[in-house]
Amino acid sequence: MTALDERRASPQRPRPRPAAVPAPRRRDRSLRGWVRRGGLVTLLFAAPMIFVFTVYSWWPILQSLWMSFQKTNLITYQFVGLDNFVNVLTDPVLGRAVVNTLYFALLALIFGFPLPIFMAVLMSEVKRLKGFYSALAYLPVVVPPVVAILLWQFFYKASPTGVFNTVLGWVGIPPQPWIQDAVQAMPSLVLEATWAGAGGSIIIYLAALLSVPPELYDAAEVDGASIWHKIWHVTLPQLRGVIFIMLILQVIATAQVFLEPFLFTGGGPNNSTVTVLLLIYRYAFENSLGGKYGEATALSVMLALFLAAASFLYFKATQKWSTD
Amino acid sequence: MKGKTMKSPTKVIAIAAAFATVASLAACSGGGASDGKIELRVATFPPGADQAAYDAFATQEAQFEKKYPNIDIIGVEYEWEGPTFTAQLAAGSLPDVFTVPFTDAKTLLENGQLADVTEEIEKLGYADKFNPIILDAVKDADGHLFGFPRQAYALGLQYNRDLFEQAGLDPNSPPTTWDEVREYAKQIAEKTGKAGYATMTQNNTGGWQLTAQAASRGGFLQSDDGTTSTIANDGVKATLQFFHDLRWEDHSMGDNFLLDWGSINQEFAAGNIGMYTSGSDLYTALVRDFSLDPAVYGLTTIPMEDGGKVLGGGDIAVLPPSLDDATKDAAVKWVDWYYMQKLLNEDAAAADAKALADSGQAVGTPVLPVLDQATYEESLTWIEPYVNVPREQMQGFIDHIFEQTPVGEPKSHTQEIYALLDPVVQAVLTDENADIDALLAQADTDAQALLG
């Protein structure tokens, strides 16, 4: 207890109460006390970061929120109320973009999400060359995404001499159109995205696996559990906190998928790979004179709100399960 | 101790604040000439242009400054790109002289983003020398002029002479009807395994090329005043049917249907495409940027049917409206000297061609004259000694382009209409059962919604 606290507390109270509870609250009220305890220094250290975030992150966010109610070509601004939102919601391509984005997310969830968990568990069982396998799994992450996509464009060549089609030819499967076909394009993009993203997830799961107490496996073994029993009853329950976080991160990432459709197909063929983010890009930049910045920001705001709400609900719904 | 630590953050703030103030002041005080010369910032080349282009520009800059010693030319890298352009326009960092394509000039002048140069053009004395169709792109409703059309192109049929030979076709007799194009494409595909014919499909270029090929069949996308969509016409339908037949019956369009201006050029330069339509001035870019072997290049006119017209385009040298009188005067001098005199004046034309040829740039690529045909043809004789492109391989185009009637791109919402048509072209090329009538009806409704 400080001298100041004693002076304030002692005259009124016959029995001094433990100072730990009320004291911090009182100290907060005094500016001098706050300064003396280092509050100012903390603020000073944080100030550059706060400044940078304000200028380059929060301020643009607020500006874009404001822009979603305006019609603008970045030179003239005109308040149009909810017109941009109405325009976006009545755009026939929006439905297509939402369905495509959900389809991408679903495919990525079914094929892309379990794969890194499976690979990580498998790799954690490997006794030799563990570092080598980790490096191998992480390699695609090191390749710059644009380079990776250009490379895969080459693999996806639809002619019989394309890399994948040559491989398929060895086992008697006829050449596939890959990204040149409205039906196959989206799964092809998911395949590349899975390849490109799995490495990062594997490393995170591998790290999480290290925190599983080995005694649990020993106990399970004593109980006669098979390897699959151990994975199902020990590994996965121990990993679930990480799995939940990875799941929500993946959902957010896939809802914002842009690079693959932008570089592989430009949203084609026939809009079969237009995603919400690509639509935002098109609103803003399709016309060389811009002009639809209002619609672009309106759709961005809607996407952000949707993702925020979805994340909140997801955490609420799974809070109990993930922390038990 | 505490007293000391209290002081040092204050000092830190003071120093940081002083530093920030100084830095911002320094940033504000950049630029500005002090020797009495007028500084004129002019657009030069896109970022990444080769050194030869800069060498040629430096020569011309020196020549201009010698003639006008009170003007200091500052070359600024510049590229017509939607996002960058809008940002530069908003930030006021555009050069004092820059170029914009015909398609966007109307919107810019209607928005009041270009300077009125009617008086200046009249004073220079060549207002009535311009090709009237081209001058229309820079004219407002009252007949005021907002720019100097500086170069134009017509769409032409590009072809690979090497693939023609491999397929047993005579590269000196390129096809003259759409039926022949189909026939030739089929033969190329069968004999060489390459795409006999290809068309752009992405990033608004699908709509652009559909517009061009439909125009050659007499089909136009809008009424003359740009208020009514006429997309679902016979010319557009015939073009899509042509794509369908080549793709699904003849299998002569290869296997890549996600092509834009850059990627189709790349495929063509790599010898994977027999024929496609693009601008008549493409040779320069194909050789300089896509490493095309000049010997395999061929260019002819697009076949015309049923009152068809040839789609043209080009760009215009313009000034922002915010220039003060002295700078505007200097800017007009530059435009006249750098862009216009080489079209009008023998000495200027020869000097320009020499500067380009000396630094290995293409001279003599076929264009659509922005001035009248007589002046254009005369200008060709001035530069003859410096022509370094194989004009004999472009004979089909050179001989017949003046028999064709040029037409401008759709007037209203051009890029957005093109964007609407990209998926239509893609649908026909990737879905054998695509319903062309239904696709066009939908595109027509969407386009009419844009036109209002």
Just to confirm my filter: which helices (runs of 4 or more DSSP H) fall fully inside the stretch B:45-145 and include at least 2 residues that are within 14 Å of chain A (Cβ to nearest Cβ)?
B:82-91, B:102-110
Wholly enclosed helices (runs of 4 or more DSSP H) of the stretch A:69-175 bearing at least 2 residues under 30 Å from A:Ile245 (Cβ atoms):
A:92-107, A:114-125, A:130-142, A:145-155
Of the residues in the stretch B:409-429, those that are surrounded by fewer than 24 Cβ atoms within 10 Å (Cβ to Cβ) and among the hydroxyl-bearing types (Ser, Thr, Tyr) come to B:Ser412
Of the residues in the stretch A:135-149 that are among the β-branched types (Val, Ile, Thr) and surrounded by fewer than 16 Cβ atoms within 10 Å (Cβ to Cβ), the one that is nearest to A:Ile203 (Cα to Cα) is A:Val142
Residue satisfying condition, being out of contact with any helix residue (DSSP H, G or I) (no Cβ under 7 Å at 6 or more places or on another chain), among the small types (Gly, Ala, Ser), part of a helix (DSSP H, G or I) and more than 14 Å from A:Pro114 (Cα to Cα), within set A:Ala253, A:Ala196, A:Ala284, A:Ala220:
A:Ala253
Looking at the stretch B:310-326, which of the residues that are of a type outside the set (Ser, Thr, Tyr) and surrounded by fewer than 19 Cβ atoms within 10 Å (Cβ to Cβ) is nearest to B:Thr211 (Cα to Cα)?
B:Pro321
Which of the residues spanning the stretch B:218-240 are farther than 16 Å from B:Glu416 by Cα, more than 24 Å from the chain's Cα centre (by Cα), in contact (Cβ under 8 Å) with a residue 60 or more places away in the chain and part of a loop (DSSP other than H, G, I, E, B)?
B:Ala232
Pairs needed: first member in the stretch B:412-426, in the same structural domain as B:Asn203 (by TED's automatic domain parsing) and farther than 16 Å from B:Phe243 by Cβ; second member anywhere, modelled with pLDDT under 90 and of a type in the set (A, V, I, L, M, F, W, C); C-beta distance under 6 Å; at least 6 residues apart or different chains.
B:Ser412/B:Leu451; B:His413/B:Leu450; B:Glu416/B:Leu450
Taking first residues from the stretch B:245-263 that are within 10 Å of chain A (Cβ to nearest Cβ) and surrounded by fewer than 21 Cβ atoms within 10 Å (Cβ to Cβ) and second residues anywhere that are outside any loop (DSSP other than H, G, I, E, B) and of a type in the set (A, V, I, L, M, F, W, C), the pairs with Cβ under 9 Å that are 6 or more apart or on different chains are B:Asp255/B:Ala195
If B:Leu108 satisfies all but one of (1) buried (at least 20 other Cβ atoms within 10 Å of the Cβ); (2) at pLDDT 85 or above, what's the number of the condition it fails?
(2)
Of all residues being among the hydrophobic types (A, V, I, L, M, F, W, C) and buried (at least 22 other Cβ atoms within 10 Å of the Cβ) in the stretch B:293-309, which is nearest to B:Gln395 (Cα to Cα)? Just the residue, please.
B:Leu299
Residue pairs qualifying under the 8 Å Cβ cut-off, at least six apart or on distinct chains, with the first in the stretch A:112-134 being more than 10 Å from A:Ile202 (Cα to Cα) and the second being outside any helix (DSSP H, G or I), are A:Tyr133/A:Val126
Taking only the stretch A:177-207 into account, find how many residues are under 20 Å from B:Asn433 (Cβ atoms) and surrounded by fewer than 16 Cβ atoms within 10 Å (Cβ to Cβ).
1
Name the residue, out of A:Ile173, A:Ile179, A:Ile149, that is in contact (Cβ under 8 Å) with a residue 12 or more places away in the chain and away from every other protein chain (no Cβ under 11 Å).
A:Ile149
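So that you can scan it fast, the table gives a plain yes or no per residue for (1) within 11 Å of chain B (Cβ to nearest Cβ); (2) touching a residue at least 24 places away in the same chain (Cβ under 8 Å); (3) of a type outside the set (S, T, N, Q); (4) in contact with a Leu (Cβ under 6 Å, 6 or more places away or on another chain):
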{"residue": "A:Thr265", "(1), (2), (3), (4)": "yes, yes, no, yes"}
{"residue": "A:Gly268", "(1), (2), (3), (4)": "yes, yes, yes, yes"}
{"residue": "A:Ser272", "(1), (2), (3), (4)": "yes, yes, no, no"}
{"residue": "A:Thr275", "(1), (2), (3), (4)": "no, yes, no, no"}
{"residue": "A:Leu279", "(1), (2), (3), (4)": "no, yes, yes, no"}
{"residue": "A:Glu286", "(1), (2), (3), (4)": "yes, no, yes, no"}
{"residue": "A:Ser300", "(1), (2), (3), (4)": "no, yes, no, no"}
In the stretch B:430-442, residue surrounded by the fewest Cβ atoms within 10 Å (Cβ to Cβ) [restricted to those that are outside any loop (DSSP other than H, G, I, E, B) and within 14 Å of chain A (Cβ to nearest Cβ)]
B:Ala438
Tally the residues that are aliphatic (A, V, I, L, M) and farther than 14 Å from B:Val425 by Cβ, restricting the search to the stretch B:210-237.
2
Some residue of the stretch A:301-314 being modelled with pLDDT under 85, surrounded by fewer than 23 Cβ atoms within 10 Å (Cβ to Cβ), assigned by TED's automatic domain parsing to the domain that holds A:Ala255 and over 17 Å from the mean Cα position of the chain (by Cα):
no
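The values are calculated or read from the model by the stated rules, or taken from the named source; none is laboratory data. Because the structure is a prediction, the values reported are computed rather than measured. Here the Cβ is made from the backbone with ideal geometry for all residues, glycine too, and neighbour counts use every protein chain on show.
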